[in-house]
Amino acid sequence: MNKMKLNQRAAVAAALALACGLSAATDRAKDVVIDRVSSPVVNASPAAAGDAMSVSVLLEAPDGSLTPKSTDVLFRTGDRFRIKVLGSRDSRVSLFNTNPRGELGSEPVWRGELRQGQELITPRLALTGNSGVDQLHVVMEPVQESGLFAWVSQWLRSLKEGGGASKDIRVDVQSTPTTTYIVNEGGQGLVTTIKIAHSR
């Protein structure tokens, strides 16, 4: 009986240790992003492996005030918002849209230049459309610019299939109520997705 209780306690302790380890790995993303965004050393070597960015969706109220939300919040048709991005290097940020029929647009709906350590805020955006869910992909482009659409398509397909399809897709993500933090330790380029639900 005592041996069985000891085994149960050992199993519970192992499960707690594993859970704490997973939690620590997830909590690490925010700290990594904050460190890399504020470090001028990272920007000195733009070809260095690994990217980090934080993304907030600034939801606009009728009075014009903006409330930051993470990208894992579900937004509604007609919501007006801006997107705020901070990144670990100078880069180009693009917004791609996948419509409710699952079709990824081959051209970005918006593109801007991001400077390391400085906020990039998009103009006001609002998505309306067919019944279903629109997906707005916020992309920190990799250094190589050719074939960006194919790169985004591969990234999204790999994430849908559970990751691991590419050596460059090993992301660590942490969301707080106001911000999503994303780290790609193994390569360059990052994607996070905002979902907008449309009613009939």
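The values are calculated or read from the model by the stated rules, or taken from the named source; none is laboratory data. Quantities reported herein were computed from a predicted structural model and do not represent experimental measurements. Using ideal geometry, Cβ is built from the backbone for each residue, glycine included, and neighbour counts are taken over all protein chains shown. When the accessible area is computed, the model is the full protein with side chains, heavy atoms only, and any ligands, DNA or RNA have been set aside. Shrake-Rupley method; radii C 1.70, N 1.55, O 1.52, S 1.80 Å.
A compact table of results
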{"quantity": "Number of the exception - PRO123 against (1) open to solvent by 60 Å² or more (accessible area, probe 1.4 Å); (2) modelled with pLDDT under 95; (3) not acidic (Asp, Glu)", "calculated": "(2)"}
{"quantity": "Extreme residue, nearest to the chain's Cα centre (by Cα), among residues of the stretch 44-72 that are modelled with pLDDT under 90 and either open to solvent by 50 Å² or more (accessible area, probe 1.4 Å) or of a type in the set (A, V, I, L, M, F, W, C) (or both)", "calculated": "ALA49"}
{"quantity": "Residue that is without any contact (Cβ under 8 Å) to a residue 60 or more places away in the chain, touching a helix residue (DSSP H, G or I) at 6+ places or on another chain (Cβ under 6 Å) and under 25 Å from ASP31 (Cα atoms), where the choices are LEU120, LEU86", "calculated": "LEU86"}
{"quantity": "Yes/no for GLU141 being exposed (fewer than 14 other Cβ atoms within 10 Å of the Cβ) and within 17 Å of the chain's Cα centre (by Cα)", "calculated": "no"}
{"quantity": "In the stretch 105-116, the residues that are open to solvent by less than 40 Å² (accessible area, probe 1.4 Å) and either farther than 15 Å from ILE196 by Cβ or modelled with pLDDT of 95 or more (or both)", "calculated": "PRO108, GLY112, LEU114, GLN116"}
{"quantity": "Search result, residues across the stretch 73-83 that are under 10 Å from SER56 (Cα atoms) and open to solvent by 50 Å² or more (accessible area, probe 1.4 Å)", "calculated": "ARG82"}
{"quantity": "Any chance THR128 is part of a loop (DSSP other than H, G, I, E, B) and crowded, with 17+ Cβ neighbours inside 10 Å", "calculated": "no"}
